[in-house]
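Below: one structure, written as structure tokens.
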Amino acid sequence: MSDPAVAPRSSLFKKYFRTIFAAVVAPLLIAGGSEAWFGYHDQRARLNDLLDAEARLAAVKIQDFIEGLHDQLSWTVQLPWSDNTGDRRRLDALRLLRQAPAVESLSLVDPAGKERLFVSRIGLNRIEGGDDHTANPAVVGARSDRIWFGPVTFQDGSEPFMTVAVAGNRMAVGVAVAEVNLKFIWEVILGIRVGRTGEAFVLDRPGRLVAHPDISLVLRADETAQKPLQTLRAAILAQPAGQATTGQDISGKTVLAAMAQIPGMDWSVIVKQPADEAFGPIYAALFRTGALLIAGAVLAAVLAYWLTQRMIGPIRVLEDGVARIGAGQFDHRINLATSDEFERLATRFNEMASELSVSQERSERISRLKRFLAPQVAELIDRTGDDRVLDGRRVEVVVVFCDLRDFTAFSAQAEPEAIIGVLREYYDALERVVSAHGATLVNFFGDGVMVLLNAPVSCSDPALRAVNMANDMQKSVQQLLVAWRALYPRLGFGVGLAMGPATVGRIGSEGRLNYTAIGNVVNLASRLCASAEDSEILVDRVAANSIGSRAPLVELDARALKGFDQPVPVFAVVSGSTTP
Amino acid sequence: MRAMAHAVGKTIRQIRRRDFIALAGSATAWMASAHAQAMPVIGYLGSESPERYGSRLSAFREGLAEAGYVEGRSVAIEFRWAEGEYDKLPALAADLVNRQVTVIVAAGGAEVALAAKSATTTIPIVFEMGGNPIALGVVNSLSRPGGNLTGVSSLSVEVSRKRLEFMQEVRPDTKKFAVAVNPTSPTSNSQLKNLHAAADALGVELVVLRNHAEHEFDAMFTAVREMRAGGLVFSSDPYFAYRSRRLAALAAQHTVPAITQSRDFTLAGGLMSYGGDFGQSHRHAGIYAGRVLKGEKPSDLPVQRVTKVELFINLKAASNLGISFPPSLLGSADRVIE
């Protein structure tokens, strides 16, 4: 069989491994990939919503601060001005300063635009100061819109201040103008936390920083330093509304930022969260998915290896078994207990091996039988694979005996080489004739040969066939004798044949097996051969009767033969005559 | 069962804690030796004594901790105290400069800030003071201080005129008030100018009493009592502020209505105080010191103004003096001591 060292061009192991691995990993990859993709987008959207909500919340908080101021200021513009309300208003104004720490100073302006009261934390209070405020944009603005927000100014180039003016619901109550220290928004801003470290800050319309958790940034009022924040705002504005964007903050860190506007003031409240923190969960999820994919792939590889190994293992065992059986080790049995098709296949191979061993045994036996069977018999047995024809039975056979006359004397004086040469030519000639007539050469002893007809292979008209064969034998051997008589002139060749029932079959031990016939007819044929002259063919009565007139026979005198009580009738074949 | 599990857990925790402490201990020991050279040093320059600075120091440490520094663990503090002798400040500042400290904290007034400023132009300085740092020549700009110093200023100096206003509200029938000024203070002139302007606006007469020594306090109160002034208004000055207890005692003793910048005065039995919240300003100074330790440049840190001004009034002192507060003051007070 095939040499196991010769590796196949493509291994089944690799194919199966690849297929199983791909079958497991491909869906895993697709599922994991789509999960990661959609997860990323969902997370991104959620983050967006979260930041947007935070921005709105921060805006609301700052708006609350401003609304609070507005509410406080509204108290001071509810009653119309008259001469005797001055002291009460002063108390109201002082209480407002107490309540609203962000208000640095407050002026109350009457309907005529005159400043009636001024209270301050730092400067001296003024009652009935009388300054004309009719042209003050705060007063003008408040009168037309009820509330007015001034631009953010930086006192001493540092602290952010804003003027807020509030008008009452009618002219007569006048206007309250407050200077608001925006540093107080700081506390609001400080309270806003986005995620773990995210923060909020506020830019006014021109992009100046109004509030930032790092107050020093606000106090520094450094426009170039605040440039990145303005760029960030521009980036958010470039996005569709409510969409967060990534940008850089003052320290150059990448942040995710969203923005909400405070209506009426044109302030932008921007919340930002460091990108690595904001995207942290996303990256963690991606990493998790990746890790799961890798773990899944490893598991798939292990599984594929195990499955393939399970499949390839039996195949190897089968291959090895088949190789052994092929090498002639028919007693080898493939031992597989996989309880599947492999086991069935192994059982088939085992059956095949046992059948092979039976058939080999038979072919050995046949080849052994061939030694004494006529080639056609051997061929028959070979073809059918059945040697039962050789089994013992009782059958009507024709037994033919022949031997050389005076061979014993010749062999006593001749050289061994000459003897062997003579015998080889002798047997070659006889075997040819025996084969040609479908007879079976069952035995030879020295120069004597025993040939059987109608056994083991039955044939029609064995007696006639035997006579014809004997004639051919005489012809062949007589030709040879012409040469041999030069060596020893008294050499001759005689044939005797008899017909009768005999027991035929294989006899002998396992090591030494012969096919032969046992019975009186054998004896008779042997005695007839012994009594035959050179060139003579003696036939017994049974055979002669069977032949009848189809061959020229002449009855001789009955002869007394050894082993026979009565003289035996003997017929001789008229030499030279042959029937077809 | 649960108790047992708890006990086991506790033991494990204890073991872990023990291991951790042992580990941390050795780590600390190792770090301490490494830190012996590496730990930054704050040179703290104060005009008085640690006792008088007590509440301010704790506010400062609070701020420092907010910036992530704890004395003795991540930062060392070298103190230099002038014990009230302000002319010693420049020498003490120079001493800190010689020690090559990482940062100088000059807290408790313009004098301290100026002494530190004149001592070095390289070592970062964080100051804490009242008054306008620009006007006093400490920095050129609040938003961009430039140079090696930044800090925190409170509004105490600006509001000395408000003290006169409040005093006048308490004693509306009096037209004559005494003002105590420390002539050695760098802010005395500006405050006086402010006070005179306010007196003109309020229509009252001012008697200026100059005083820069504790032993003259008694004579000062006697003078106020004798001149029958409506009350004594203290200008903003750390020298007075750190001696609030003594001033409160003298005011009660001489039955003189007085107002100072420091809440300590009111808490100690004084009538009124109006001034910046020093707790905030010292805390912010601590935060700034921490930020400078972290490597930020003073020139990048704007001068912070603590805008909170607080009015404290003491009703007990008022009743002792036979004074009643008008409702406007009672309503405006941040704290009323009854």
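The values are calculated or read from the model by the stated rules, or taken from the named source; none is laboratory data. Everything numeric in this text was worked out from a predicted model, so none of it was measured. We place every Cβ from the backbone using ideal geometry, glycine too, and count neighbours over all the protein chains shown. Heavy atoms of the whole protein, side chains included, go into the accessibility calculation; ligands, DNA and RNA do not. Shrake-Rupley method; radii C 1.70, N 1.55, O 1.52, S 1.80 Å.
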*Could you check how many residues of region A:111-164 are touching a Gly at 6+ places or on another chain (Cβ under 6 Å), polar (S, T, N, Q) and within 23 Å of A:Trp186 (Cβ to Cβ)?*
1
*Which ones in region A:449-463 are among the small types (Gly, Ala, Ser) and touching a helix residue (DSSP H, G or I) at 6+ places or on another chain (Cβ under 8 Å)?*
A:Ala463
*For region A:110-128, enumerate the residues that are open to solvent by 30 Å² or more (accessible area, probe 1.4 Å) and either within 15 Å of A:Met171 (Cα to Cα) or more than 14 Å from chain B (Cβ to nearest Cβ) (or both).*
A:Pro111, A:Ala112, A:Lys114, A:Arg116
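How many of the residues in region A:257-276 are under 53 Å from the mean Cα position of the chain (by Cα) and open to solvent by 30 Å² or more (accessible area, probe 1.4 Å)?
First, the residues of region A:257-276 that are under 53 Å from the mean Cα position of the chain (by Cα): A:257-258, A:271-276.
Restricting the remaining residues to those that are open to solvent by 30 Å² or more (accessible area, probe 1.4 Å) gives A:276.
Result for region A:257-276: 1.
In contact with a Lys or Arg (Cβ under 9 Å, 6 or more places away or on another chain), closer than 24 Å to B:Ser58 by Cβ and surrounded by 24 or more Cβ atoms within 10 Å (Cβ to Cβ) - does that describe any residue in region B:287-294?
Of the residues in region B:287-294, the ones in contact with a Lys or Arg (Cβ under 9 Å, 6 or more places away or on another chain) are none.
No, that holds for no residue.
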*When only residues in region A:222-248 that are within 14 Å of chain B (Cβ to nearest Cβ) and not charged (D, E, K, R) count, which is surrounded by the fewest Cβ atoms within 10 Å (Cβ to Cβ)?*
A:Thr224
*Kindly check whether there is at least one residue in region A:484-505 that is open to solvent by 60 Å² or more (accessible area, probe 1.4 Å), outside any loop (DSSP other than H, G, I, E, B), without any contact (Cβ under 8 Å) to a residue 24 or more places away in the chain and touching a strand residue (DSSP E or B) at 6+ places or on another chain (Cβ under 8 Å).*
no
*Got at least one residue in region B:278-286 being at pLDDT 90 or above and among the charged types (D, E, K, R)?*
yes
_Pull out all pairs, ordered by first then second residue, where Cβ-Cβ is under 8 Å, the residues are six or more apart or on different chains, the first lies in region A:86-99 and is aliphatic (A, V, I, L, M), and the second is open to solvent by 40 Å² or more (accessible area, probe 1.4 Å)._
A:Leu91/B:Pro327; A:Leu96/A:Gln72; A:Leu96/A:Trp75
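In region A:129-143, which residue that is away from chain B (no Cβ under 13 Å) and in a loop (DSSP other than H, G, I, E, B) is farthest from A:Met265 (Cα to Cα)? Reasoning before the result, please.
Here is the first cut: in region A:129-143, the ones away from chain B (no Cβ under 13 Å) are A:130-143.
Next cut, in a loop (DSSP other than H, G, I, E, B) only: A:130-131, A:133-136.
Numbers: A:Gly130: 30, A:Asp131: 28, A:His133: 23, A:Thr134: 23, A:Ala135: 21, A:Asn136: 19 Å.
Ranking the qualifying residues of region A:129-143, first place goes to A:Gly130.
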_Of the criteria (1) farther than 17 Å from A:Asn443 by Cβ; (2) touching a Phe, Trp or Tyr at 6+ places or on another chain (Cβ under 8 Å); (3) modelled with pLDDT under 75; (4) among the aliphatic types (A, V, I, L, M), which one A:Ala409 fails_ = (3)
*asked:* So for region A:386-393 (the condition being assigned by TED's automatic domain parsing to the domain that holds A:Asp534, open to solvent by 30 Å² or more (accessible area, probe 1.4 Å), under 21 Å from A:Val539 (Cβ atoms) and touching a Gly at 6+ places or on another chain (Cβ under 9 Å)), does at least one residue qualify?
replied: no
*Tell me, please, whether a residue that is of a type in the set (S, T, N, Q) and more than 18 Å from B:Glu158 (Cβ to Cβ) can be found in region A:101-121.*
yes
*Of all residues in region A:185-221 being out of contact with any strand residue (DSSP E or B) (no Cβ under 9 Å at 6 or more places or on another chain) and farther than 17 Å from A:Lys272 by Cα, which is nearest to the other protein chains (Cβ to nearest Cβ)?*
A:Glu187
*Please indicate, with yes or no, whether at least one residue in region A:563-574 is under 21 Å from A:Arg394 (Cα atoms) and either open to solvent by less than 10 Å² (accessible area, probe 1.4 Å) or in a strand (DSSP E or B) (or both).*
no
*Can you pull out the residues in region A:211-224 that are of a type outside the set (Val, Ile, Thr) and either without any contact (Cβ under 8 Å) to a residue 24 or more places away in the chain or out of contact with any Gly (no Cβ under 8 Å at 6 or more places or on another chain) (or both)?*
A:Ala211, A:His212, A:Pro213, A:Asp214, A:Ser216, A:Leu217, A:Leu219, A:Arg220, A:Asp222, A:Glu223
*Across region B:301-331, which residue is nearest to the other protein chains (Cβ to nearest Cβ) among those that are assigned to a helix (DSSP H, G or I) and open to solvent by 60 Å² or more (accessible area, probe 1.4 Å)?*
B:Pro327
*Among the residues of region A:156-176, write down those that are within 14 Å of chain B (Cβ to nearest Cβ), open to solvent by less than 30 Å² (accessible area, probe 1.4 Å) and touching a residue at least 60 places away in the same chain (Cβ under 8 Å).*
A:Ser158, A:Glu159, A:Pro160
*Take region A:196-212 and flag every residue that is surrounded by 19 or more Cβ atoms within 10 Å (Cβ to Cβ) and under 60 Å from the mean Cα position of the chain (by Cα).*
A:Gly198, A:Glu199, A:Ala200, A:Phe201
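Tell me, which helices (runs of 4 or more DSSP H) wholly within region B:209-281 include 1 or more residues that are surrounded by fewer than 20 Cβ atoms within 10 Å (Cβ to Cβ) and of a type in the set (A, V, I, L, M)? Break it down into steps so the answer makes sense when it comes.
Numbers: elements: B:217-226, B:238-241, B:244-253, B:263-267.
Those helices (runs of 4 or more DSSP H) span B:217-226, B:244-253, B:263-267.
Rundown of residues vs (1) in contact with a helix residue (DSSP H, G or I) (Cβ under 6 Å, 6 or more places away or on another chain); (2) without any contact (Cβ under 8 Å) to a residue 60 or more places away in the chain; (3) among the basic types (Lys, Arg), yes/no style:
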residue	(1), (2), (3)
A:Trp186	yes, yes, no
A:Gly195	yes, no, no
A:Asp204	no, no, no
A:Leu209	yes, yes, no
A:Gln226	no, yes, no
A:Ala235	no, yes, no
A:Ser251	no, yes, no
A:Leu256	yes, no, no
*Scan (1) of a type in the set (A, V, I, L, M, F, W, C); (2) open to solvent by 90 Å² or more (accessible area, probe 1.4 Å); (3) farther than 29 Å from A:Gln273 by Cβ for the single condition A:Val25 breaks and write down its number.*
(2)
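So that you can scan it fast, the table gives a plain yes or no per residue for (1) β-branched (Val, Ile, Thr); (2) part of a helix (DSSP H, G or I):
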{"site": "A:Glu179", "(1), (2)": "no, no"}
{"site": "A:Phe184", "(1), (2)": "no, yes"}
{"site": "A:Ile192", "(1), (2)": "yes, no"}
{"site": "A:Arg196", "(1), (2)": "no, no"}
{"site": "A:Pro206", "(1), (2)": "no, no"}
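To keep it simple, each residue is scored yes or no on (1) closer than 14 Å to B:Glu66 by Cβ; (2) among the small types (Gly, Ala, Ser).
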site	(1), (2)
B:Leu250	no, no
B:Ser262	no, yes
B:Ser273	no, yes
B:Gly279	yes, yes
B:His284	yes, no
B:Arg291	yes, no
B:Lys297	no, no
B:Asp300	no, no
